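First the structure, in the form of structure tokens, and then the observations on it.
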Amino acid sequence: MKKQQSFRHFELGLIAALAFALAAFEWTGYEFNEDTHREYLGSNLIEPEIIPHHIPSKPLPPKQVLDVAPEIVPKPDPIDPIPKPDVKSQIDPLAGKLQGFDFTDFGDWEEEWEIETVLIAEHMPHFEDCTNVLDRKEERQCTEEKMIRIIQSCAKFPPILRETGIGGVVFLQFNVNEFGEIQDQSVLKSAHPKLDKAALNALSCIPKMLPGTQQGKPVRVTYTIPVRFTVR
């Protein structure tokens, strides 16, 4: 009898233990959910790394241009057209320059012009006894030959230089002005200071000439004359 009671007590205890165990499993599965588990673990919980899907980046917006004042480039000055040469005013440079005339009212309307200096005039200066209306070339040659003869005969060879055997050629340059007189004398090429002085002094021997003219107006004409000092 006692054995039967003990066996029942064992069965009841076993049943109660099984029931308690089942109740415990049900309570644990209901109460210990994910949120509770997170709260329990706290910072010890290692969450899996979530790799975001690759999303292509948007292109950068265009840069905004700041308000900059435009560069102002001044327009170049208009180029004056090249004037066409006047064929009528062209003249051989050896024949001298054209005269420029200024007309001023002095009451009597006197005509005034600027006197030009030329190398060769239409009508060269000349001595009166060399005048040749038919042949201007011969007239010029006669005048230049006479001019050289006068200078050579009038130039005095310094005695000291003659005795020492010093000679040479002095090149003189001068103008025959609009009045036919000699002016602007200078030594173009020197031989010796004493010879230069003797040659310049010889120019005073040239008499007054008939002036050269260009288009009917008197002009100054430049001459270059060699003066030779020869030791004999």
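The values are calculated or read from the model by the stated rules, or taken from the named source; none is laboratory data. This one's a predicted model, so the numbers in the text were calculated from it and none came from an experiment. For neighbour counting, all protein chains shown are included, and Cβ atoms are generated from backbone atoms with ideal geometry for every residue, glycine included.
Out of the residues in the stretch 196-213 meeting the condition of being of a type in the set (A, V, I, L, M, F, W, C) and touching a Gly at 6+ places or on another chain (Cβ under 6 Å), tell me which one is nearest to Met124 (Cα to Cα).
So, considering only residues that are of a type in the set (A, V, I, L, M, F, W, C) and touching a Gly at 6+ places or on another chain (Cβ under 6 Å), the one nearest to Met124 (Cα to Cα) is Leu210.
For every residue, the table says whether it meets (1) of a type outside the set (A, V, I, L, M, F, W, C); (2) assigned by TED's automatic domain parsing to the domain that holds Leu161; (3) surrounded by fewer than 19 Cβ atoms within 10 Å (Cβ to Cβ); (4) in contact (Cβ under 8 Å) with a residue 40 or more places away in the chain.
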{"site": "Glu181", "(1), (2), (3), (4)": "yes, yes, yes, no"}
{"site": "Gln185", "(1), (2), (3), (4)": "yes, yes, yes, no"}
{"site": "Leu188", "(1), (2), (3), (4)": "no, yes, yes, no"}
{"site": "His192", "(1), (2), (3), (4)": "yes, yes, yes, no"}
{"site": "Leu203", "(1), (2), (3), (4)": "no, yes, no, yes"}
{"site": "Met209", "(1), (2), (3), (4)": "no, yes, no, yes"}
{"site": "Val219", "(1), (2), (3), (4)": "no, yes, no, yes"}
{"site": "Ile225", "(1), (2), (3), (4)": "no, yes, no, yes"}
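Please go through (1) in contact with a helix residue (DSSP H, G or I) (Cβ under 7 Å, 6 or more places away or on another chain); (2) modelled with pLDDT under 95 for Phe174 and return the number of the only condition it doesn't satisfy.
So Phe174 meets the others, but not (2).
Only one of these conditions is not met by Cys130: (1) modelled with pLDDT of 90 or more; (2) surrounded by fewer than 17 Cβ atoms within 10 Å (Cβ to Cβ). Which number is it?
All conditions are met except number (2).
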